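Computed from the coordinates by the stated procedures, all read-outs in this text should not be read as laboratory data. As the structure is a prediction and not an experimental result, all values here were calculated from the model. Every residue, glycine as well, gets a Cβ built from its backbone with ideal geometry; the counts of neighbours run over all protein chains shown.
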Ligand code: THU
């Protein structure tokens with residue numbers, strides 16, 4: 001997606017949703033709440049937060065939680081993914097989340113917000129070059 005198709009208002013809304021979602025994170029082990037908000041091609045928005053577990057490896061990241069919400073909400077193509085972390089500088093999605101975002105939005109733009117004023121903006125292909133995707137199974 002080109003950045004100019006996402007208005008500043010819509011981006012700010014997604015940022016707000018991601019921050020709000022982080023407030024609902026279940027992260028008693030890491031104490032690192034993360035929120036994510038997705039925008040689909042047809043304008044719908046979905047949110048997710050990280051959901052940890054006493055069996056640590058079973059914890060789910062915010063981005064994948066948002067993708068699950070999108071799928072159960074009817075699916076769609078992701079054009080923008082906004083992530084909020086409670087850090088002084090922006091943090092990018094982990095590798096697993098990059099791969100899962102690729103499945104539903106290979107050309108999505110990823111925006112990382114944090115407690116500081118910096119915002120990182122990266123096209124997903126930059127974060128996950130030479131990605132493995134559905135076409136590789138054809
Ligand atoms: N986390 C996310 O939710 N998204 C990421 O992209 C990176 C990490 C979560 C996983 C775990 O619950 C906590 O942050 C600390 O790693």
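Points worth noting:
- In segment 10-35, residue farthest from residue 113 (Cα to Cα) [restricted to those that are within 13 Å of the ligand (Cβ to nearest atom) and touching a strand residue (DSSP E or B) at 6+ places or on another chain (Cβ under 6 Å)]: 26
- When residues of segment 87-102 are limited to those that are touching a strand residue (DSSP E or B) at 6+ places or on another chain (Cβ under 9 Å) and either more than 17 Å from residue 32 (Cα to Cα) or assigned to a helix (DSSP H, G or I) (or both), the one farthest from the ligand (Cβ to nearest atom): 101
- Subset of segment 49-77 (residues that are crowded, with 17+ Cβ neighbours inside 10 Å, assigned to a loop (DSSP other than H, G, I, E, B) and within 13 Å of the ligand (Cβ to nearest atom)): 50, 52, 61
- Here 121, 83 are screened, and the one residue that is part of a strand (DSSP E or B), within 18 Å of residue 15 (Cβ to Cβ) and within 10 Å of the ligand (Cβ to nearest atom) is 83.
- Qualifying residue in segment 36-47 (condition: near the ligand (Cβ under 8 Å from one of its atoms), surrounded by 14 or more Cβ atoms within 10 Å (Cβ to Cβ) and not in a strand (DSSP E or B)): no
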